[in-house]
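A single structure is presented below for examination.
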Amino acid sequence: DNQIRFVKSALWYHGYHRPELYRLPSDGSAGSRELLLAFSWLLHRLSLLEQLLARNRVKTGDETSVCTCEDDLPNSQKGTSAIAVEHGPEDRVDVRYLQWLNGRLKFQWRSLHAQHQEQCKLLHKIHLFTSGSHTDQILGHLSVTETDLVRQPENYKQLLQLLESETMQLEAFLEWKQLEPVYWQWMETVLDNMAEEGNRCESQDAHVEKSRPPKVTSCCPWADSLTGQIDRLSKDLMTFRDQLHKLVTQRKVAWCEKVKTREEELQKEGFSAAASKIHESVELKLLDLAYLWAPTKNKMHGSCRLVFRSKHTASKTGFSRSVSKEPVSAVSATEVIRDLQMREASLERELKQLQEECRQRLDEIAEGLDGVICVSP
């Protein structure tokens, strides 16, 4: 049951919203065709096989993931609240438990950051001590895997087995690419069969509904009273609509008067200060837009191999020579740091703006409370 619920939640997270899948029983007794459709959707939508190959790739060099793209949430997360309410617990979650989870997450994040810093220090030591030991002059140093093979040569058999397994996976992927059109043709027939079955069920339901005798006829004694009640309800709704329209117009007039008085107060008290704040917020938004619409060459995403570069080696080999031999996807750590600092500044500005909006909203709410004193932290 836990595995089935996990599969359903994962599919919903990735954007698979077919209701027939989520109506399946939790014991796994039915739904093989729905699972086949979901698996085919993952193959087409997420490039599942390519992701598995990239994850299972044997890494002989020291690599790191570099990403300076925007952290936008997928569109599929917009409707996650519906399934969360459907499959979530009935009782409400205590706020203190959420605070405890948040503190635990912060602690784990700090420990992960400390471990990452320690890993970077060890990698720096390995790259520095093995400088000049590699046959490739562009790299110039050994990686962790290569250093381990130098220290323990008997481990090359395990590495060779991993490389052979990766080669078999790549061969199977090439074979799948050749037979992939046949698979999608088969899936088209499966979809056609399901559509025919759905239409047949709808026609049967419609036939059953038509064969049933009408529930309300004009000769029934209570039909006239029912139509009279419907007429009275429609008249009441019309009157309510007219009253609501009048009320809305009155509220609009009152709101316009309040806006005019507020504008006069701003002009008298501090219109220049409000204008300067608006000007600053507009400038911040323009800076954010300039950062977002920067050239795509600054947006980096993917894994890169860590190559140690120092001033001594750069002056010895020559800068132009090293640039000509570097791969096209080479990126400097200073560029990544600069982009991350710009992104950090943008997020800090956005956070301050949101905090100020929340503070103003809380002040407005506090003003409407009688007999309550709110002290800001």
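Give me the number: length gained by fully extending Arg343 to Lys246, i.e. 0.36 nm times residue separation minus the C-alpha to C-alpha distance, one decimal in nm.
Values: separation 97, 0.36 × 97 = 34.92 nm, distance 4.99 nm.
Residue separation times 0.36 nm, minus the Cα-Cα distance, leaves 29.9 nm.
With a 10 Å radius around each residue's Cβ, average the other Cβ atoms per peptide and rank 235-242, 168-175, highest first. Present the calculation step by step, with values, prior to reporting the outcome.
Values: 235-242: 9.9, 168-175: 11.4.
Sorting 235-242, 168-175 by mean packing, highest first, produces 168-175, 235-242.
Provide the per-residue ³J(HN,Hα) series for segment 125-132, in order, calculated from phi with Karplus coefficients 6.51, -1.76, 1.60 and θ = phi - 60°, each as a whole number of Hz, with x at glycine and proline positions.
5, 5, 5, 6, 6, 9, 5, x
Whose amide H sits under 5 Å from the amide H of His141, counting only residues 5 or more places off or on another chain, with H placed in the peptide plane?
It is Gly132, His134, by chain and number.
Here's another thing I want to ask about it. Order the following by accessible area, largest value first: His113, His14. Probe radius 1.4 Å; ligands, DNA and RNA are ignored. All intermediate terms of the calculation are to be shown ahead of the outcome.
Numbers: His113 100, His14 80 Å².
So the residues, ranked largest to smallest area, are His113, His14.
Related question: List, in order, the whole-Hz ³J(HN,Hα) value for each residue of segment 58-68 obtained from phi through the Karplus relation with A = 6.51, B = -1.76, C = 1.60 and θ = phi - 60°; use x for Gly and Pro.
Couplings: 6, 9, 8, x, 7, 10, 9, 8, 10, 8, 10 Hz.
Let me ask something else about it. Whole-Hz Karplus ³J(HN,Hα) for segment 106-122, in order, using 6.51 cos²θ - 1.76 cosθ + 1.60 and θ = phi - 60°, x for Gly and Pro?
Going residue by residue, I get 4, 5, 5, 5, 5, 5, 5, 5, 5, 5, 5, 5, 5, 5, 5, 5, 5 Hz, with x marking Gly and Pro.
Accessible area of Leu52, 1.4 Å probe, to the nearest 10 Å²?
80
The values are calculated or read from the model by the stated rules, or taken from the named source; none is laboratory data. Everything numeric here is computed off the predicted structure, so don't read it as measured data. Cβ coordinates were reconstructed from backbone atoms using ideal geometry, including for glycine residues, and neighbour counts include every protein chain displayed. Accessible surface areas use protein heavy atoms only, side chains included; no ligands, DNA or RNA. Shrake-Rupley method; radii C 1.70, N 1.55, O 1.52, S 1.80 Å.
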